[in-house]
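*Asks:* Here it is, the structure, as structure tokens.
The values are calculated or read from the model by the stated rules, or taken from the named source; none is laboratory data. All of these numbers come straight from a predicted model, not from anything done at the bench. Heads up, the Cβs are rebuilt from the backbone with ideal geometry, glycines too, and the neighbour counts pull from every protein chain shown.
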Amino acid sequence: MSTDTTTTGTEHHFGEDITAIEPDAIPHEHKDLRDRDYVFIAFLLLILTALEVAASYIELGSLLVPILLIMMAIKFVTVASFFMHLRGDARIFSWMFYAGLFLAVGVYAAALTTFHFFAP
């Protein structure tokens with residue numbers, strides 16, 4: 001029978017039920033955040049949301065959409081990184097989420113350009 005050594009240092013035999021592994025025995029790749037950190041992130045998101053609402057009432061002309069898109073991207077990255085725990089996951093997951101963000105922004109910008117939104 002072949003054995004496989006996992007990152008926890010315990011040996012498991014091929015075909016053996018590994019569901020009995022204690023959850024605390026599996027090492028975490030990311031540092032857990034404290035409550036204070038989550039409050040800070042929530043405050044940051046609150047400020048960015050308030051700035052987005054304020055920007056929609058201020059006459060910014062053609063700068064409105066780029067400013068709102070930048071703030072949206074910051075909020076997206078913050079939520080995905082901290083609340084969806086992408087900081088500690090494999091880089092491929094982060095890349096997929098962020099690629100989706102840039103694809104969505106690109107499609108949105110192309111649609112606005114098609115409707116001559118950015119024209120003076």
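*Asks:* Taking the range 103-115 on its own, how many of its residues are part of a helix (DSSP H, G or I), surrounded by fewer than 11 Cβ atoms within 10 Å (Cβ to Cβ) and of a type in the set (A, V, I, L, M, F, W, C)? Lay out the reasoning, then the answer.
*Replies:* Of all residues in the range 103-115, those part of a helix (DSSP H, G or I) come to 103-114.
From the residues that got through so far, the ones that are surrounded by fewer than 11 Cβ atoms within 10 Å (Cβ to Cβ) too are 103, 106-107, 110-111, 114.
Among the residues that remain, those that are also of a type in the set (A, V, I, L, M, F, W, C) are: 103, 107, 110-111.
Residues that pass the stated criteria total 4.
*Asks:* Can you find, within the range 35-62, the residue that is modelled with the lowest pLDDT among those that are of a type in the set (A, V, I, L, M, F, W, C) and not in a helix (DSSP H, G or I)? Spell out the reasoning first.
*Replies:* Of the range 35-62, the ones of a type in the set (A, V, I, L, M, F, W, C) are 39-48, 50-51, 53-55, 58, 60.
Those left that are additionally not in a helix (DSSP H, G or I): 58, 60.
Numbers: Ile58: 91, Leu60: 87.
Per the criteria, the residue is Leu60.
*Asks:* Only one of (1) at pLDDT below 55; (2) over 30 Å from Lys75 (Cβ atoms) is not met by His13, so which one is it?
*Replies:* All conditions pass for His13, except number (1).
*Asks:* Among the listed residues Phe93, Phe40, Phe76, identify the single one that is closer than 21 Å to Val107 by Cβ and either aromatic (Phe, Trp, Tyr) or surrounded by 13 or more Cβ atoms within 10 Å (Cβ to Cβ) (or both). Before you say what the answer is, go through the steps one by one.
*Replies:* Numbers: Phe93 fails: closer than 21 Å to Val107 by Cβ; Phe40 fails: closer than 21 Å to Val107 by Cβ.
Just a single option satisfies the conditions, and that option is Phe76.
*Asks:* Then there is this: Could you check Ile67 against (1) at pLDDT below 75; (2) surrounded by 10 or more Cβ atoms within 10 Å (Cβ to Cβ); (3) in contact with an Asp or Glu (Cβ under 9 Å, 6 or more places away or on another chain) and say which number it fails?
*Replies:* With respect to (1) at pLDDT below 75; (2) surrounded by 10 or more Cβ atoms within 10 Å (Cβ to Cβ); (3) in contact with an Asp or Glu (Cβ under 9 Å, 6 or more places away or on another chain), Ile67 is out only on (1).
Quick grid of which residues meet (1) modelled with pLDDT of 80 or more; (2) of a type outside the set (A, V, I, L, M); (3) out of contact with any Gly (no Cβ under 9 Å at 6 or more places or on another chain):
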site	(1), (2), (3)
Val77	yes, no, yes
Arg87	no, yes, yes
Gly100	yes, yes, yes
Leu103	yes, no, yes
Gly106	yes, yes, yes
Ala110	yes, no, yes
His116	no, yes, yes
